[in-house]
1. With bins 20 Å wide starting at 0, give me the P(r) of the chain over every alpha carbon pair, in whole percents.
2. For region 168-227, which trypsin sites (Lys or Arg not before Pro) pass both filters: DSSP loop (anything but H, G, I, E, B) and at most 11 other C-beta atoms within 10 Å?
3. Name the residues of region 264-279 whose amide N is less than 15 Å from a point 7 angstrom out from the Cα of TYR201 along the C-beta direction?
4. For region 140-285, go through all pairs of different Cα atoms, get the mean of 1/r, take its inverse, and jot down that Kirkwood value in Å.
5. Set the Förster radius R0 to 51 Å, insert the Cβ-Cβ distance between ALA46 and ASP494 as r into 1/(1 + (r/R0)^6), and round the FRET efficiency to 0.05.
6. Excluding LEU109 itself, what net charge comes from residues whose Cβ is under 14 Å from its Cβ, given Lys and Arg +1 and Asp and Glu -1?
7. Sum -39500 (n - 2.57) across every DSSP H segment of at least 4 residues in the chain, then divide by the residue count to get the 222 nm mean residue ellipticity, nearest 500.
8. Using heavy-atom solvent-accessible surface (probe 1.4 Å) with all chains present, what is the largest-first order of TRP557, TRP568?
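The values are calculated or read from the model by the stated rules, or taken from the named source; none is laboratory data. As the structure is a prediction and not an experimental result, all values here were calculated from the model. Here the Cβ positions follow ideal geometry from the backbone for every residue, glycine too, while neighbour counts run over all protein chains shown. Surface accessibility is based on the protein's heavy atoms, side chains included, excluding ligands, DNA and RNA. Shrake-Rupley method; radii C 1.70, N 1.55, O 1.52, S 1.80 Å.
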Amino acid sequence: MSRPDPIEPEPVPVPVPAMDAALPAAVVATILSRLDVRSLLLAAAACRGLRDCASHALAFLPSFHLLEVALTHELLRPLLPPNPSLRSLRLDCARLEDAAIGCLARPGLHDLLLLNCDSISGRLLCELGTACRDLRVLSLNSLGARRGLVVNFSDLRELLSGCSQLESLRLSLDFSTFDDPNFGYVWASASEKLSSLEIGYIPMTMLLELLKAVVEAQQCMDYVKAPVFFPSLQKLCLTVDFITDHLIGSISVALPALTHLDLQDAPIIEPTSTSDLTNAGLQQINPHGKLKHISLMRSQEFLVTSFRRVNDLGILLMADKCSNLESVCLGGFSRVTDTGFRAIIHSCSGLHKLRVCHGSHLTDLVFHDIIATSLCLTHVSLRWCKLLTDVGIERLSFNKDLNVLDLRDCRSLGDEAVRALSCLPKLQTLLLDGTDISDQSLKYLGLGMCPLTSLSLRGCRKLTNDGIPLLFAGLVKKSLQVLDLSRLPNVTDDGIMLLARTRTPLVELRMRENPKIGDTSVMALASMQVDGGTYGSSLQLLDLFDCGGITPLATRWFKKPYFPRLRWLGITGSLNRVMADALARSRPFLHMACRGEELGTMLWDTSDWYRHNEDDLDELEQWLLEGEPLSDDDVIMEE
């Protein structure tokens, strides 16, 4: 009888080496120091060792850019420890208040961009002037827009006098809050290096006061020591009450070194002859021949009006003096015909960007002989040019370098125009809202050679479900990131299911005001997987506002793990207020729009973001909210 085999002992598992044993700390620190903020936070969610290293690396980052989510002060503070190396800071401040000013106004900063500063008062300007003496670039959006917050003239004075190295200043706010007898003269203390100035809105009286102070200083410099205003200013962007001859003349005299002039007005009453732009005013533009960019736009936000006192003669005179222009934007010139627009095209041989809005007399003749010119147009916008037809676009398509083309509300354009455009090898952005195209146009784009990244088909009422698979039959499937299918009455849930089956890695999808889009579309998108990622993993923006078939049932598909990257969601607020509020609380970094407002990524590029590998939980949220228990809102969503 043989002896029984001895019992073999269980193998002892080999422990996984800790991070510090696998790689020297110096190597890990060097690797992490080369990552951007988002990548750093993704690494921190992987393990405790990387988390510790990432926390250490945050104290040495030269740039902190986090625009895709709006953090509270409590969440932002640990991500911004004392850091003498920090030079660039870019944030969405939608959830920040004055308590966070000390976190934002950091000594050593060279570049500061803050969006949605509605709940931050003008004290931020004062603190920046005191603490950020080396600031070169400053951009603030909606500062103090919330009712009750104060933005004082003294805050602006402290900013201008303290930030003596400023080269670019962008303040998108109402400058009437700075109304003061010394407003014009306070700019003498601004940085002599200031080369770019962008102002949201400034009353005409305040602007003329400023320009008058500049001219007076120039006239006194020959015989007395006078303050110097804007010695380096090259770019000026303003929104005013009215664009007038007097304003154009004053800017031309006070700021002779300008290379970039951008003026917009939005009249609330019809301008009189003395408060409007005429042919005489256009003759005063560019007296020294230095302008490279000119933009004169009349908005119809409050009143349907235009530059009625400008005709072809004024444009001809301006074109003759502005032959070096590289970019021209004209909006609201209702009496200018093909003769005027052709003068610009044929006079400005270096023109790269052309924008015409509300060109009510612009026809195909503008581009009739464009092939005979040396133009190399890359950006063209012809919005609301309703006389333009397929023939004109076919001529325009001879510019093979076209990169951006905006043809919104050109209602006479059809399939033949798109057929010509489908052969453009560099076209990345195409906006066709409100045109007369059919599914055949989508077939042309699908079989064409355009590397489209953004396509807008809003209001193209002839489009149907059949066009969606045609669009994604070729190269477009690999390149398209932004798609607008809003206001298409013939597109239904079946069309969105066809879209989901293509597994195109869309970043933004808009389907607002579609009566036949419902819960099935949401479920199809939530179930779509791209390159092995999680469900709905590529979408960062989804707009479903006023879609007729959406019910409260759809809301539960927006809970995790579905749509892990979603940052903007548009729905109808009255759909189910309780569930919408519960969703907003359970996903605090999701910006929800329930009143029909347009959503967008605004100032940052998302072109590389959709390629990230996804987990069931967004790693950024995991880093920020790690360890929180299941909330009551999650329970509501489950029920």
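1. 16, 43, 34, 5, 1, 0, 0
2. Numbers: sites: ARG170, LYS193, LYS212, LYS225; in loops: LYS193, LYS225.
For trypsin sites (Lys or Arg not before Pro) across region 168-227 that sit outside H, G, I, E and B with at most 11 neighbouring Cβ atoms in 10 Å, the list reads LYS225.
3. Output list for this probe position: 264-269.
4. Working: mean 1/r = 0.0622 Å⁻¹.
Kirkwood radius, region 140-285: 16.1 Å.
5. 0.80
6. Values: positive: ARG87, ARG90, ARG106, ARG133, ARG136; negative: ASP111, GLU127, ASP134, GLU167.
Neighbourhood net charge equals +1.
7. Numbers: 24 runs with 188 residues, N = 639.
Helix contribution divided over all residues of the chain: -8000 deg cm²/dmol.
8. Details: TRP557 55, TRP568 20 Å².
I get TRP557, TRP568, largest accessible area first.
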